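Engineer: Have a look at this one.
Where a number appears in this text, it was derived from the coordinates with a stated rule and is not lab data. This one's a predicted model, so the numbers in the text were calculated from it and none came from an experiment. All Cβ positions, even for glycine, are placed from backbone atoms using ideal geometry, and neighbour counts span all protein chains on display.
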Amino acid sequence: MVVVDQLKGRDFLCLSDYTKEEILYLLDLAAKLKEEQKQGTPHPHLQGKTLGMIFDKASTRTRVSFEVGMYQLGGMAMFMSGRDLQIGRGEPIPDTAQVLSRYIDGIMIRTFSDTMVKELAEYASIPIINGLTDLQHPCQVMADFQTIIEHKGKLEGLKLAYVGDGNNMTHSLMIGAAKVGMDVAVASPEGYQPDAGVTEMTRAFADETGVNVLVTTDPAEAVADADIVYTDVWASMGQEAEQQERLQKFAGFEVNEALMQKARPDALFMHCLPAHRGEEVSAGVIDGPRSVVFDQSENRLHAQKAILVAVMK
């Protein structure tokens with residue numbers, strides 16, 4: 001079990017830190033844990049373990065899935081608002097990391113700064129899991145990949161098209177897709193395209209796996225012959241003041257029935273939620289037969305349980 005030993009005690013910060021073999025191992029473990037839960041088979045792999053959950057951003061899926069996941073694994077999860085911790089009053093991150101490392105067995109953090117998460121991981125002696133930053137959202141992508149496998153039977157050789165803001169969701173999808181052998185195409189308006197460093201990293205991984213990477217301003221070009229069409233809100237948390245400006249800039253980037261027709265006939269529609277019907281996606285698409293958005297949400301539980309077991313057991 002070489003992969004198991006490789007993952008034990010590891011941080012889960014970015015999919016770039018994980019090999020294709022390790023990602024596929026986690027997805028296989030997620031499928032097994034999901035099947036055991038469906039059958040009512042207990043799997044208390046983290047009996048007596050405690051996960052600290054630091055939240056600087058509001059959450060539905062992240063908080064509930066991690067908290068329920070730890071309970072189902074035999075452990076417990078502790079909610080900690082960043083405003084309530086001393087870190088919110090200026091305590092140095094290294095101090096917080098070292099103190100919490102003496103109390104609990106792992107930390108999941110959902111915050112704004114990617115640098116803060118990396119610093120927390122640098123000084124903590126326990127695994128740190130990135131629950132979301134402004135730059136990345138790796139846990140969501142693991143749930144997305146689990147969902148794609150359930151519906152398509154594979155990842156390698158598929159094409160994933162993302163239409164909308166080049167945000168944290170885009171970044172993790174790009175990196176993850178290139179890692180596992182999926183072609184990836186991103187369509188965003190000028191000025192809202194993915195981070196240049198992330199795009200460069202994705203192209204480097206794509207060279208290793210032999211996949212295609214496209215960044216364009218044309219949604220139709222990105223979606224052409226895609227197996228999966230993905231979008232996200234146009235204004236993420238912290239960008240509410242830009243809402244009206246973004247509505248104008250993103251005109252023509254709605255994933256609607258006409259755009260979906262340019263994808264493969266059996267293409268899936270995906271969205272990490274929450275969604276704004278009539279903005280980034282039409283009601284007919286997100287509530288239609290090709291939408292798997294609630295499968296994605298469900299799989300947050302199972303994919304994250306796999307991560308927790310792998311790094312904390």
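Engineer: Quick check: the distance between the Cα centres of the range 93-136 and the range 22-84, to the nearest angstrom?
Structural biologist: Using only Cα atoms, the two centres lie 16 Å from each other.
Engineer: Roughly how many Å is it from the Cα centre of the range 213-253 to that of the range 269-301, as a whole number?
Structural biologist: Taking the Cα centre of the range 269-301 as reference, the centre of the range 213-253 is 15 Å away.
Engineer: Something else now. Of the options G74, A241, Q304, report the single residue whose Cα projects farthest towards the positive end of the charge dipole of the chain (beta-carbon charges: Lys, Arg +1; Asp, Glu -1).
Structural biologist: The listed residue farthest towards the positive side: G74.
Engineer: While we're on this one: Identify the GluC sites (Glu not before Pro) of the range 181-217 meeting these criteria: DSSP loop state and at most 16 other C-beta atoms within 10 Å of the C-beta.
Structural biologist: Numbers: sites: E190, E200, E208; in loops: E190.
Of the GluC sites (Glu not before Pro), the ones in loops of the range 181-217 whose Cβ has at most 16 other Cβ atoms within 10 Å are E190.
Engineer: Here is a further query. Are there chymotrypsin sites (Phe, Trp or Tyr not before Pro) in the range 107-147 that DSSP marks as loop and that have at most 11 other Cβ atoms within 10 Å, and which are they? Numbers along the way, then the final one.
Structural biologist: Working: sites: F112, Y123, F145; in loops: F112.
Sparse-neighbourhood loop chymotrypsin sites (Phe, Trp or Tyr not before Pro): none present.
Engineer: Let me ask something else about it. On C-alpha positions alone, give me the angle between the axis of helix 114-123 and the longest principal axis of the chain, in degrees, nearest 10.
Structural biologist: 30 degrees
Engineer: Treat every Asp and Glu Cβ in the range 1-95 as -1 and every Lys and Arg Cβ as +1, leave all other atoms uncharged, and give the resulting dipole magnitude about the Cα centre to the nearest 20 debye. Could the numbers behind the result be given before it?
Structural biologist: On the way: 12 positive and 13 negative charges, 65 e Å.
In total the dipole reaches around 320 debye.
Engineer: Given contacts defined as C-alpha pairs under 8 Å and at least six residues apart, what's the relative contact order of the range 140-296, whole-number percent?
Structural biologist: Numbers: 302 pairs, mean separation 37.0, N = 157.
Across the range 140-296, relative contact order equals 24 percent.
Engineer: As a quick test, which of the pairs K57/K249; K49/K118; K159/K179 have an alpha carbon distance above 18 angstrom in this structure? Before the final figure, lay out the partial values.
Structural biologist: Values: K57/K249 25 Å; K49/K118 23 Å; K159/K179 13 Å.
With Cα atoms farther than 18 Å apart: K57/K249; K49/K118.
Engineer: Restricting to DSSP H runs of at least four residues, report the calculated mean residue ellipticity at 222 nm for the chain, -39500 (n - 2.57) per run over all residues, nearest 500 deg cm²/dmol.
Structural biologist: On the way: 13 runs with 139 residues, N = 313.
The helix contribution divided over the chain gives -13500 deg cm²/dmol.
Engineer: What length, rounded to one decimal in nm, is gained on full extension from A283 through to E156, with 0.36 nm per residue of separation minus their alpha-carbon distance? Mind dumping the intermediate values first?
Structural biologist: On the way: separation 127, 0.36 × 127 = 45.72 nm, distance 2.97 nm.
Here the segment from A283 to E156 would lengthen by 42.7 nm.
Engineer: Most fluctuating residue of Y71, Y103, Y192 in a GNM of the chain with Cα springs under 10 Å: which is it?
Structural biologist: Y103
Engineer: Taking the chain as the reference, fit the longest principal axis to its C-alpha atoms, fit the long axis of helix 20-39 to the helix C-alpha atoms, and give the angle between the two in degrees, 0 to 90, nearest 10.
Structural biologist: 80 degrees
Engineer: If you place +1 on the Cβ of every Lys and Arg, -1 on the Cβ of every Asp and Glu, and leave all else neutral, what size is the dipole of the range 73-180 about its Cα centre, to the nearest 20 Debye? Can you show the working numbers first?
Structural biologist: Details: 9 positive and 12 negative charges, 52 e Å.
Once rounded to the nearest 20, the dipole reads 260 debye.
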